[in-house]
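Coordinate-derived values only; no laboratory data. Owing to the predicted nature of the structure, the values given are computational and were not obtained by experimental measurement. FYI the Cβ positions are ideal-geometry reconstructions off the backbone, even for glycines, and counts take in every protein chain you see.
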Amino acid sequence: MLETKNLGRTFTSDSVKYEVLKDISLQIAKGESVAIVGKSGSGKSTLMHILACLDEPTNGTVAFEGRDYGSLSERERDKLRNRKFGFVFQQFFLNGRDTVFDNIVLPMRIRGLDESRIREAATGALVSVGLDDKAMKRAKDLSGGEKQRVCIARALVGDPDVIFADEPTGNLDSKTSGTIEDLILTLNREKGITVVVVTHDEDLASRCGRTINLKDGRIVANDTQGEHGEAGE
């Protein structure tokens, strides 16, 4: 489903070049749950952003279902992100003054769907994350765990093929983190949604089907493991 070949990413700051990713070649199959791990500065989030079509490589290629991102127009990239991908970030990026419902349906309104389809999809997403009784509550009045569940519902509402999660448990206590982990992995297992998660959380990484370990911008390990051990190369 997702593939990179000889991927590299270099940033320039004050005329100094920093090679953040070096010669990354990998494949992620449909239905996998993959954790990208490594120390701070190893290139984890940069790799995820490139896979998610949020950033561009300096060299090499990245493709989704055989389509090279480099061949897509900006409009086609926007369409890919909106229709095929869902996103969950450590910072919730919710409008606190809006209701849970209004935060969740934003991607579908951007897509221009009619209100009846939006309501149907939002109801299903809220039920999936156990927040169907919070639809009209303002986002600012939710707990941290509830806010993260809203983010997952927003990622789900467009029926994505892939969910990209960047440190989804980073701001949560251990109990709430466990709930969010369970939710993400249940969506992977029961709905077949491919999950790509960047995390420092060793427990979450161990529960994914595969772990890709980065060090200094290179893949140093690419191992099948954990309770969903059937996923892998």
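Okay, here's what the table says:
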{"item": "For region 139-184, the Rg and Dmax computed from alpha carbons only, in angstrom", "result": "10.6, 30"}
{"item": "Kyte-Doolittle mean at least -0.5 and Cα axial length at least 27 Å: DSSP H helices in the chain", "result": "none"}
{"item": "Estimated FRET transfer efficiency (residue 200, residue 133; beta-carbon r; R0 41 Å; 0.05)", "result": "0.80"}
{"item": "Percent of Cα-Cα distances greater than 20 Å, calculated over region 2-224", "result": "59"}
{"item": "Neighbour-count order for 101, 164, 89, fewest beta carbons within 10 angstrom listed first", "result": "89, 101, 164"}
{"item": "Gained length - residue 82 relative to residue 30, 0.36 nm times residue gap less alpha-carbon distance", "result": "16.9 nm"}
{"item": "Cα radius of gyration and Dmax for region 166-228 (Å)", "result": "12.0, 35"}
{"item": "Region 116-233: translational diffusion in µm²/s, Stokes-Einstein, Kirkwood Rh over Cα pairs, 25 °C, 0.890 mPa s", "result": "160"}
{"item": "Protection proxy ranking of 146-152, 92-98 - average other beta-carbon atoms within 10 Å, highest first", "result": "146-152, 92-98"}
{"item": "Burial ordering of 68, 14, fewest other beta-carbon atoms within 10 Å first", "result": "14, 68"}
{"item": "Net +/- balance of residues flanking residue 58 in space, Cβ distance below 14 Å, scoring K and R +1, D and E -1", "result": "0"}
{"item": "Estimated 222 nm signal from helices in the chain, with DSSP H stretches of n ≥ 4 weighted -39500 (n - 2.57), rounded to 500", "result": "-10000 deg cm²/dmol"}
{"item": "Fewest-first ranking of 69, 18, using other Cβ atoms within 10 Å as the exposure measure", "result": "18, 69"}
{"item": "Per-selection Kirkwood Rh - region 10-51 (Cα, Å, 1 d.p.)", "result": "12.1"}
